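A quick write-up on the structure given underneath.
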Amino acid sequence: MRRWIVLVLLLSGCVPVATLRTPEAARGPSFTVGATLVTNPFANRDQYPVAPLPYLAYAEGDGTLEWNLNLQWGLRGGAKWALAPGAALDFGLTLPPPSPDADWSQGVPVVVDLGLLLGGEGVYLSPRVHWVWVPGGRPGLLLGLSTGVYERAWILELGTLAVGEGFILSLSGAWRFGNAP
């Protein structure tokens, strides 16, 4: 049952898959455009073992506090707070995309995530916890870990999300524009 809840959340775009954020907070406006390849734990043998997800983000900050908005199927609004050089606290709320087939009469599924961004000089690590709430179901926690390399104009990331007894892997890449750190 838990696997089906996670599948529904992933398909609805509620769980953010890619972090694609560095430990440094943005200084001014920044745009990120990219994509994620994510393993499909519910694939039938060799049919659709990997699913592509687009990624689009906007961030603006003063170098200490950053507000960010990203779209990877679902819409995530969040903030990043620089704690020290190479360390930041990152948190957000993700909502699924509107769908004519969705029954939200009991409420809208949401995910609240909280993570650390650690690193610097072109490398980062981000442990993260996702609190998942689906209307009519029990809330749950999912654990994620991502690591990435970056330059001013691009970012690459490898991530994993613990799901029940298994995990989902993701490979993400993006171009960064504006005042990206």
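If the condition is being among the small types (G, A, S) and modelled with pLDDT of 90 or more, then region 23-75 contributes A25, A26, G28, S30, G34, A35, A57, A59, G61, G63. Between L71, L95, the distinction of being without any contact (Cβ under 8 Å) to a residue 24 or more places away in the chain and touching a Pro at 6+ places or on another chain (Cβ under 9 Å) belongs to L71 only. Restricted to strands (runs of 3 or more DSSP E) entirely inside region 67-138, those with at least 3 residues that are more than 22 Å from A180 (Cβ to Cβ) are 110-120, 123-133. Taking the criterion of being of a type in the set (D, E) and over 21 Å from V50 (Cβ atoms), the only residue of region 126-164 that qualifies is E151.
A search for C-beta distances below 7 Å between a residue of region 121-145 that is under 17 Å from T22 (Cβ atoms) and at pLDDT 90 or above and any residue that is part of a loop (DSSP other than H, G, I, E, B) and not hydroxyl-bearing (S, T, Y), counting only pairs 6+ apart in sequence or on different chains, returns G122/E151; Y124/P23. The residue of region 146-168 that is nearest to E121 (Cα to Cα), among those that are assigned to a strand (DSSP E or B) and at pLDDT below 90, is L161. Listed by first and then second residue, the pairs with beta-carbon distance under 7 Å, at least 6 apart or on different chains, first residue in region 98-113 and in contact (Cβ under 8 Å) with a residue 60 or more places away in the chain and within 13 Å of V132 (Cβ to Cβ), second in a loop (DSSP other than H, G, I, E, B) and among the charged types (D, E, K, R), form an empty list.
The values are calculated or read from the model by the stated rules, or taken from the named source; none is laboratory data. Owing to the predicted nature of the structure, the values given are computational and were not obtained by experimental measurement. Backbone-built Cβ (ideal geometry, glycine too); neighbour counts: all protein chains shown.
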